[in-house]
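> Can you keep this structure in mind? I'll have questions shortly.
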Amino acid sequence: MDTALTLTTDMKLVLGLVGFTMAMFLFERIRSDVVALVVMVVLGVTGLIAPEEIFAGFSGNAVMSIIATTILGAGLDRTGALNRLASWLLRRSRGIEQRLLLLASATAGINSAFMQNTSVMALYLPVAARLASRSGLTLKRLLMPITAAIVMGGGLTMVGNSPLILLNDLLISANNNLPSGSATIEPLRMFAPLPIGVALLVASLLYFRFHGDRKSLAGEDGDGESQAPARTESYFARAYGIEGDVFELTVSTESPLVGMTVSEAENLFDAPLLLALKTGSDTRLAPPADMRIWVGSVIGAMGPRQQVADFAQNQFLRMSSRLRNLGDLFNPSRAGISEAVIPPTSKLIGKTAGQLRLRKERGISLLAINRDKQVIREDVRNVALRAGDMLVFHSIWQDLSAAAESRDFVVVTDYPKGEQRPHKFKIAMAIFAITIIIALTSRLPVALTLLTGVAGMLLTGVLRMDEAYASISWKTIFMMAGLIPLGWAMDSSGAAAWVAGHTIDKLPDGIPIWVLELALALLTTAFSLVISHVGATIVTVPIAVNLALAAGGNPTAFALIVALSASNNLMTASNPVISMVMGPAKYTPREMWRIGAPLSLLYTVIVVVMINIMF
């Protein structure tokens, strides 16, 4: 490589755009997607990128891969897959804190191999909230290990995070400007970084198992109560005494409930909350008060285990904690407990729940009323409602949303507004598994493989097209597509080669390759703290390829170090995954640096060592 390149006007312009991008990302005067759009326009207007190529970033493999992984994640979310996972984690951990942390973190890390880190974090936040409310762990103790595992697990595949998704497009671009005689750089297969990702994920699990600043994560800063957000089982247990799990009670031939109505069964002494009933092929959540119970009927009852067990024994019912018949009805992604306030203009004022037939006509069970700080739970169906009453409901979210349109009550609990499809769970998981198998066994482009899974979810009704559109983060798409041409310009203008050449000139002769790799990893990490992981990748990969050629290193290895190091930000909110957890868990910047900085250094060492072993 010629290290004596002259700094041309084109190079100056490209390096100026890089400086502008870094400054705007650092000071946040302009939105990141707008900055990317401005950079793309300048590159096109100045002719640094040909007009017919300037918009090619929007159709690149990287952008299509991000769109596909986002939609696949939305499909899994619609089926309640991760809520099922939360229940499984609680069962497997058996109340042991370390086991729960290990299982939750490891599972999140593996999930992040096939979905965008931000998508995985968005899906795991409610899972973490549920785990916190059910286990007694604080979100501060739970979220950081899960977050670190998601970041580390993103290195398992080429679609786990945005930098790795971008890498192949940048390598293909670099081929167009290689010096004569240089070998073509081959794109990396989907599971190329797997050994590195495994080492990173294991290191993260061990870090939080044996260290991880437990004192801070336990919430010793006087904030140990940073539990799940307010609308969780723990909140309703404290405020209304509504607690316990859901059990299935099967009616035997000897049961005195046979022939009773739901209303009559509810009025029995020490009866738990009767929230669902299956009789024959008729399955109801919030069954009507006059619906009758027969031999073989299955009742969904909620309450403390001992209370439900005593009720089952007294009424000759078979009790099961496994929801074999009613599991879909009680999937938290489909149904749950909520609060609603009655406004002064409501038509419900002066009427009772029995008169309104809330269960029969609206599919809503009224569990309690909070009136003037007094909680009413006894004979709640016969209490006349007043303006200002806070009602506690149990319902299917879709039924609640439909009932709320009347404006007779205002729901104050955050709940899933879209239609949930737990009955499509097996289909979604099968499509996801087939997609991964195709990626493992075929030579199709990663983006095409992932879009095959997207097409399957759309055709089978797991997801609707409008829902797929809504799931896409267009800000991310515009930022990435707008900045990709900047990476091309770094190569085509010679700016990357100039930076690499002058860097090599200033280094002492005979410097080991691993020292350059370590410096490159640290530089990329520093960039990611300032200009985001996407910007750091686009700016640094062309420099890394040229630096490898100048120093006699492996361009693929250098580029892979950059792509992995661009996600090595466990300290600041410039990493979108970190920004998502700082609020709910109430982490302070000091805590993030204290916990994340040692882990980031460990990340860098592992990446450099593993790259040298692999290459």
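Each reported figure results from applying straightforward, stated rules to the coordinates on display, with no laboratory input. Bear in mind the structure is a predicted one, so any value in this text is a computation, not a measurement. Cβ placement follows ideal geometry from the backbone for every residue including glycine, while neighbour counts extend to all protein chains displayed.
> Counting only helical runs of four or more DSSP H residues, what would the 222 nm mean residue ellipticity of the chain come to if each run contributes -39,500 (n - 2.57) and the total is spread over all its residues?
It comes out at -17500 deg cm²/dmol, rounded to the nearest 500.
> State the three equivalent ellipsoid semi-axes of the stretch 474-525, derived from the C-alpha gyration tensor as the square roots of 5 times its eigenvalues, in descending order and whole Å.
Semi-axes, largest first: 29, 15, 6 Å.
> Compute and list, largest first, the equivalent-ellipsoid semi-axes of the chain from the alpha carbon gyration tensor, each √(5λ) rounded to a whole angstrom.
In descending order the semi-axes read 54, 24, 22 Å.
> Magnitude of the Cβ-charge dipole of the chain, K/R +1 and D/E -1, about the Cα centre, nearest 20 debye?
Values: 50 positive and 45 negative charges, 294 e Å.
That gives the chain a dipole magnitude of about 1420 debye.
> Could you tally the net charge around ILE172, taking each other residue with its Cβ under 11 Å from the Cβ of ILE172, Lys/Arg +1 and Asp/Glu -1?
Neighbourhood net charge equals -3.
> Can you compute the charge dipole magnitude of the stretch 233-320 about its Cα centre, using +1 on each Lys and Arg Cβ and -1 on each Asp and Glu Cβ, nothing else charged? Give it in debye, rounded to the nearest 20.
140
> Enter the mean projected area of the convex hull around the alpha-carbon atoms of the stretch 340-413, in nm², rounded to one decimal.
With every direction weighted equally, the projected area is 4.4 nm².
> Using the 10 angstrom Cβ neighbour count as an exposure proxy, how do TYR124, TYR587 rank, fewest first?
TYR587, TYR124
> Cross-link list LYS278/LYS360; LYS351/LYS373; LYS278/LYS347; LYS278/LYS351; LYS12/LYS506; LYS278/LYS424: which exceed 25 angstrom alpha carbon to alpha carbon?
Listed pairs above 25 Å: LYS278/LYS347; LYS278/LYS351.
> Ranked highest first by average number of other Cβ atoms within 10 Å, how do 265-274, 503-512, 566-575 line up?
566-575, 265-274, 503-512
> Farthest toward the dipole's positive end in the chain, which of ILE299, VAL198, ALA148, given Cβ charges of +1 (Lys, Arg) and -1 (Asp, Glu) about the Cα centre?
The Cα lying farthest towards the positive end belongs to ILE299.
> Next up: Could you tell me what fraction of 2.2 N^0.38 Å the Cα radius of gyration of the stretch 305-443 comes to, as a two-decimal ratio?
So the stretch 305-443 has a normalised radius of gyration of 1.39.
> Considering only ALA68, MET40, ALA402, whose Cα is most displaced toward the positive end of the charge dipole of the chain, charges sitting on Cβ of Lys, Arg (+1) and Asp, Glu (-1)?
The listed residue farthest towards the positive side: ALA402.
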